[in-house]
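Here's the structure, in structure tokens; my notes come after.
No lab work stands behind these numbers, since they all come straight from the coordinates. Here the structure is a predicted model, which means the values were calculated and not measured. Cβ coordinates were reconstructed from backbone atoms using ideal geometry, including for glycine residues, and neighbour counts include every protein chain displayed.
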């Protein structure tokens with residue numbers, strides 16, 4: 001495609017204006033304790049180890065599907081570099097059928113892997129999300145610390 005003269009444009013911003021506003025709040029609430037990354041692919045924090053009942057091709061296809069998605073925010077401990085919580089900021093786009101299906105897949109993946117996920121409505125952007133409580137609940141369920 002590059003040899004055929006494809007046209008590309010710089011999107012300028014990684015996040016929407018609403019996501020930038022919420023990032024400022026997250027940094028205010030958690031920035032002292034957490035580094036906060038935006039628009040992170042789940043492939044950066046999920047792994048699909050070899051398993052006898054899945055071929056390499058099946059594993060690659062599955063990984064490609066969830067790796068193509070992104071989550072809005074990843075909070076990572078400044079102390080030990082562990083993932084504290086994933087936050088998805090839900091706006092009107094999360095009410096579309098395809099987005100609902102995508103969100104359900106992500107929730108299922110994160111639940112299976114023991115990754116703490118919080119869904120925050122744009123209507124609750126001024127409320128501090130319970131990231132520590134969510135992390136502790138997932139750790140207790142998974143039997144990890």
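The single condition among (1) surrounded by 13 or more Cβ atoms within 10 Å (Cβ to Cβ); (2) within 19 Å of residue 132 (Cβ to Cβ); (3) without any contact (Cβ under 8 Å) to a residue 24 or more places away in the chain that residue 48 does not meet is (2).
Can you pull out every residue in the range 51-77 that is within 23 Å of residue 125 (Cα to Cα) and either touching a strand residue (DSSP E or B) at 6+ places or on another chain (Cβ under 9 Å) or free of Cβ contacts under 8 Å to residues at least 24 places away in the same chain (or both)? Correct list: 70, 71, 72, 73, 74, 75, 76, 77. Please go through the range 16-45 and give me each residue that is more than 18 Å from residue 123 (Cα to Cα) and part of a loop (DSSP other than H, G, I, E, B), ordered by number. Hits for the range 16-45 are 31, 32, 33, 41, 45. Please verify whether residue 134 is touching a residue at least 12 places away in the same chain (Cβ under 8 Å), over 16 Å from residue 25 (Cβ atoms), surrounded by 13 or more Cβ atoms within 10 Å (Cβ to Cβ) and out of contact with any helix residue (DSSP H, G or I) (no Cβ under 8 Å at 6 or more places or on another chain), treating the condition exactly as stated. The answer is yes for residue 134.
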